[in-house]
Structure formats: C-alpha cells, structure tokens
Amino acid sequence: MRTANDAAGVTAELAAVPAHERVALVDPRFVGHVHALRLALTDPRFPAAAVRGALSVQPEARTALVRAVTATTATARTSGSGGGAPTAAPARALGPAESLERETAPTGVPATVPGRAGQARPPLGSAPRPGVDAGGGDAGAPGAGAASSADATLRAPDAAHASGEYAESRSRTRPSGTAAAPGAADALTAAAPGEATHGASPDRAAAAGVHADAVASHRPATQSRSVAPAEVAAMHGAGAHSRVDDLAAALDAEGVPVHRPELGVLVAAVPADALSRAKAQDAVDAVDDERVRLRSAVKSRDGFFTTFCISPYSRYIARWCARRGLTPNQVTTASLLTALIAAACAATGTRPGFVSAGVLLIASFVLDCTDGQLARYSLQYSTLGAWLDATFDRAKEYAYYAGLALGAARADGDDVWALALGAMVLQTCRHVVDFAFNEANHDATGNTSPTAALSGRLDSVGWTVWVRRMIVLPIGERWAMIAVLTAFTTPRITFYVLLVGCALAACYTTAGRVLRSLTRRAERTDRAAQALAQLADTGPLAELVAKAASRGPSSYLAPLSAALGAAAVLAGTAAAGFGSWVPVGCAVLYAVLAGVAVAAPLKGPLDWLVPPLFRAAEYGVILILAACSEVNGALPAAFGLIAAVAYHHYDTVYRIRGGTGAPPHLLVRAIGGHEGRTVAVTVAAALLHHRNQGFTIALTALAAALALAVLTESIRFWVSSGAPAVHDETGEPA
C-alpha cells in the first residue's frame, strides 16, 4: 500500500497501479468487521462497491475514479473542508513468500508486523477472538477519530480468496494482492503494484486487511450479544465526514453504479471522535461476524430439501474447504467427478451398483451446494464459476440419465433410452421457460399483476412457500427423488416418475407465468427483446424469412407463429414416421413460421414463450425420429446430439446473464440455428432410412461437429479476460 497526502498524490499512485488491477480507497479511521470490508472491496462482479468509509473500483471505472478524486478535492478546497496536517503511516510491499500475521497486542499498543529492510508495517486490526474471524478493528492511530476527514487507497484483489481469514486461524496472505492501509487522519493511502494478497488466479484472492489499533476488550464468541437495528443503523450512518464516501457519491453521479452490500448487523463506520470510536468498536466486538458469514453463505431462497437437508451442514464443509485454500471451481469439478462415478455405478445394472449410484448422486449434490456456499463465504466469484456450475449441473444430470439407460439394458435388456432422452428434453425446455420469462420481465416497467399480488399474499403463509417450491421440483428434490428411486426400484420406474413429476411442474410454472403475463400491464425494454431474440437461436433460413416478412410489433403473433410451427413439425413427424419426406416439408414450414415469429422485436406479453417453443420443436423432432427409426444406436446418438445443442443454449443463457450477449452470430449461423438443424435432421432421416446405420452415423457426425464448434468457442470465451464474473444469487431452482 501507499500513503498519499492530496489528490495529486492519489492520482499518481493510481497511475502506478497496472490498468488491469482493481484499486480500493479506505478511510484510515474505518472501524468495522472484516467481512464488511470483504463485501465492499473483494467482490469482482461490480464496477464499484462501497460501504461507509471504503470503496473499491474495477479497472473499467478507474478513469472515473481519478476524475472524482480531482473533483471532490477541488470542492473540498473551495468549501474549506478537510483541513489538518496529514500524518502518513509507513507502508511497504509484501513479498511473494511473506505472510501477514495478525498479532494480539496489549491495550493501547498497535499490533504490527515486522517489515523488511527496516520498514515497519502499519498498525493492523483487532486481535482475533476465539471462534471468531480475525481482525475487524479501527483503521487509524489511537485518537485519530478527532481529526478531519481522511482517505486511504489500497490495491484490492481480483476476487476474494480468504484462506486463513477464519475463526481460530491466523490470517495468511498470498502474493500480489491487498495490503493493509491504515494511516493517521487526513492521510490518503494507495497501494503500489505487487503489494497485496490475491492469488495467482482470479478465483484465489485474499480479503482486504485494513485494520488498526488492537483493542484488548474483546468478548469471546460465546458471549456475543445481538445488536439492535437502531444501534447498527447509527454505526452505519453517523460519524465523521469521509472523502471516501464523497468519492462513492461522485461515481454514482457520473453514472458508474456503486454496489452497496447490505451489511445487516455487520458494522462499517467512520467515528468522529474517541467516544464514537469506542462505541463502534464495542459494536464490532458484540457481533460474531463468522456466524453472519456462515449464514450469508446460504442462498436466501432455495428448495425445501436443500434448505433443511443439505445447507445446515454443507456450509461447514464450505468453510473447511476455504480454510484449506480450495476454490469453488475445484469443488464444482469434484462434484462433477462424483456424479460421473455415480453414472458409472448405475451403468453396471446391478442392485449394489444402483444403490451406490444413489448415494454418490446425493454426495455430488452436497458438493454442488458447497461450491456456491464457498463462493459466497469467501466472495470467490470467478469468471468461470457460474458457467462451470450451470453446465456441470446439466452434464451431471444427463450423464446420470445415460448411466441409468445403460444399466437398464445391462440388467434385463430393457431399452429406456427414449425415456432418458424424453427426460432430458423436458428438463431442458423447463429451464428455457425459466430463463426466457426472467429475461423478458426482470426489467419490465409498470410490472403489476393480480396473479403476482396473490402470490405475494400466499408468501405471508409460511407453509405455502415451501409447498410451491417443492411443486416445481427443483434440483434438490429432483436429485433426491432420482437417487432414492434408483436405489430401490428400476430405471424404467425412475424415468416414469421423473417424467410425470417434471411434466406437472412444467404445467404449474408455465401456467402461472402465462397468467401473470396476460394480467400485467408492463412495457418491456429493448434489452429484454434483444435477450429473447438471442435465446431464440435463429439461423439463416428463418432470418431470410424475417427480412422478407418484416412487420411491426404485434401482441400475440410471435408466440402464435412459433406454436403453429412447433405443432406442425412435431405432429407431421409423429404421424408420417421415419423415412417419409413429410417431416421435411413440415420442417420447412416450421422454418418459415419461425422467421415470421422473430420478424419484429419480441416485446409482446407472451413473446417469452417463443424460445421454449423453438426448443421443444427442435428437440422433439430429433427424439421422435430416433425413437421411430428402430435403428440400432439411433437413440444414444440422438441423446448426444441434443446434449450438444442444449450445451450451446445453456452457454447462451449464461453469457446473457453476464451482460456479454449471445455467442458470436457467425457461430449461430455456422451451426444452422434451431430451424436449420431441424431441417437437416429430417432430411437425413428421409435420405438414410433404407441404410442400416446411416441415420445413426449422421446423428453422431452432426453431434460431434456441433460439440466441437460450440465447445471451442465457449471455452475460448469463458477463459478470456472479457468473461463476466457472475454468480447465481437469485435462488431460482435449477
């Protein structure tokens, strides 16, 4: 870290930090919990984030920060505020092999860390309490709260790795991340390159250590008391004027959105005097922030099974992983490997294999919950995390379906591939309904609906909330059901129950969303229309029709055209059977109607139905043709083809959620779009029906080509620097 005395010094120090690094400003008088600082300084998902007395800025907002520093200093100079002689705390860089040890200091004696070459470490935070996260003290010299406003700048990590920053453990730092930035009043402190604690990758970075003034009056965790909301509000809102808060307001005014995390009972304050500092420190001591941190690691909205049967202990597994330096991505990978082993056990076709598969599937789900809780516990939101979590969930579930189908064939020769493929199609279409509805409505204006009002009233009756969450058969309930049925019944029964349960859940959720859409008066934005168009995955055939049939917006023409096209191609394919040219004609008609559906912006009340209707048509045609072909290997090949296409669609969803838009249009055109692939499959069935393995070979080749194209582009994007740091905080059932 570096200490600067004026705006010019801060600007110079900011310029010295590499452009790809995040920087943070911390008032030297800051008093609060370590986790309050983590929330403000180490979350990579926002261009800027702040709590009282602390502000972090991502590279894209660095220019705006420099302007804000200059502007607020000029304003302060004009108004005569911010006087006082600056007293900078000593600073130095941490070397790669060094670790920052928080020491317990006697009353009134600052805790320090020895520096190299005679340099001294500035005062650090409060000594760790037994059973409570270390740190969390003042950020200035004793009595500094009486001085005028002060600011400190330090370099923050790229993400939030916090190994060692936990209860009953000493804090460990990692090379090149955050440095402590305490200083006396009126000092501006800035970090220089190479001084911090983030790890070598964006997912492994240390939480900011900004502390000072070790205080001896710490209560043990067992004596923690609750803090009244009014007391917490006083700690958050009252106190000395801070230029850090001025800078946050200036960024907001300039159009840079500043994320302000909800702290709840956590304290973040800039005390105005010694008495306020003592009260703030007392409030810090009174709250067990480790308990708060564990509680906040769990989604606020989740399924019944996950909430009551998994999360009560998986959060402690997450903390165990964090203490050992494991990342969420590593836990996600472990979950995938466990599920693949479960699928292999199911493929044995033996009862011990089925039982082992059920147990391992639950273990995989526990790890699946743990990875998200680990990310929230240590704020390790990586550029890969959400993508891996989402795609691995689907890979695990679909691999397990394939394992059950192989196990059924090996056990008693029962062919359930059509059921496995049907379960995959139904589940994927359900997800597309969820994604499309949310994208269409999350930023709608005038969003009112009697159906939504009724749902809100039902939320006040506790048991109805859990019943409705269970009805939709989220991933926890679904995997638990599959695991139990696998262990005690047959694969065919497992798929029958799964298909019935998912069908009922799909009817319930889709009907409710249709009612909401029909009864609400809302104006959808251009962004929502663009997201729906990207989710539609339109190819060159439908694009040509859309250009020729250009029209103005219409309330229901888009979903009606999509529904007619889907019904025509599905009914025609089912009626004509395998080997007929009728499905080809129906597929061409479907391409025409698909083009009509997307010829105008998708802003109608039911236009969010267009993408799931397209998915149902494309997947359904492949399923019907493979099931009717009676060609050896056609159903497994169709399973692989739909899995490759579904991966492309999930990848599109998470790019849109990250704010980066759909995959390149060139890729979408190259793989044909949904209508082009539908036409291609029907043509292959008509041309190759008389050849023994011709249709199977065609499906396999198409699946391999699609998988190679979409995986190559997807991996290139998600490992690039432009990938978004997203994480699912909605709690929406998967």
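The values are calculated or read from the model by the stated rules, or taken from the named source; none is laboratory data. On a predicted model such as this, the values are computed, not experimentally measured, just so you know. Heads up, the Cβs are rebuilt from the backbone with ideal geometry, glycines too, and the neighbour counts pull from every protein chain shown. Calculation scope for accessible area: heavy atoms of the full protein, side chains included, ligands and nucleic acids excluded. Shrake-Rupley method; radii C 1.70, N 1.55, O 1.52, S 1.80 Å.
Only residues that are crowded, with 18+ Cβ neighbours inside 10 Å, of a type outside the set (A, V, I, L, M, F, W, C) and out of contact with any Gly (no Cβ under 8 Å at 6 or more places or on another chain) were counted in the stretch 676-701, giving 2. All conditions but one from (1) buried (at least 24 other Cβ atoms within 10 Å of the Cβ); (2) over 37 Å from the mean Cα position of the chain (by Cα) apply to Phe614; the one that does not is (2).
Residue-wise test of (1) surrounded by 23 or more Cβ atoms within 10 Å (Cβ to Cβ); (2) under 21 Å from Asp43 (Cβ atoms).
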site: Gly264; (1), (2): no, yes
site: Leu275; (1), (2): no, no
site: Gln281; (1), (2): yes, no
site: Val292; (1), (2): no, yes
site: Val298; (1), (2): no, yes
site: Ala318; (1), (2): yes, yes
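In the set Thr700, Thr678, Thr660, only one residue is of a type in the set (Val, Ile, Thr) and at pLDDT below 95; that residue is Thr660. Going through (1) assigned to a loop (DSSP other than H, G, I, E, B); (2) closer than 30 Å to Thr350 by Cβ one by one, Ser554 falls short only on (2). Scanning for something surrounded by fewer than 19 Cβ atoms within 10 Å (Cβ to Cβ), within 30 Å of the chain's Cα centre (by Cα) and under 22 Å from Ala591 (Cα atoms), does the stretch 642-664 turn up at least one residue? The answer is yes, given that some residue of the stretch 642-664 is surrounded by fewer than 19 Cβ atoms within 10 Å (Cβ to Cβ), within 30 Å of the chain's Cα centre (by Cα) and under 22 Å from Ala591 (Cα atoms).
Quick one: how many residues across the stretch 321-363 are outside any helix (DSSP H, G or I) and touching a residue at least 60 places away in the same chain (Cβ under 8 Å)? Within the stretch 321-363, residues that are outside any helix (DSSP H, G or I) and touching a residue at least 60 places away in the same chain (Cβ under 8 Å) number 6. Within the stretch 490-547, no residue satisfies the criterion of being within 17 Å of His665 (Cα to Cα), out of contact with any Gly (no Cβ under 9 Å at 6 or more places or on another chain) and in a loop (DSSP other than H, G, I, E, B).
Got at least one residue in the stretch 572-579 being touching a residue at least 24 places away in the same chain (Cβ under 8 Å) and surrounded by 18 or more Cβ atoms within 10 Å (Cβ to Cβ)? Yes, the stretch 572-579 has at least one match. Of all residues in the stretch 624-660, which are free of Cβ contacts under 8 Å to residues at least 60 places away in the same chain and in contact with a helix residue (DSSP H, G or I) (Cβ under 7 Å, 6 or more places away or on another chain)? The answer is Ile624, and nothing else. Identify the residue in the stretch 706-734 that is under 25 Å from Arg669 (Cβ atoms) and open to solvent by 60 Å² or more (accessible area, probe 1.4 Å) and, among all such residues, is modelled with the lowest pLDDT. So, considering only residues that are under 25 Å from Arg669 (Cβ atoms) and open to solvent by 60 Å² or more (accessible area, probe 1.4 Å), the one modelled with the lowest pLDDT is Val719. Within the stretch 282-301, residues that are on the phi < 0 side of the Ramachandran plot sit with their Cβ atoms under 6 Å from residues that are open to solvent by 50 Å² or more (accessible area, probe 1.4 Å) and part of a helix (DSSP H, G or I), at 6+ positions apart or across chains, in these pairs: Leu294/Arg315; Ala297/Arg315; Val298/Arg315.
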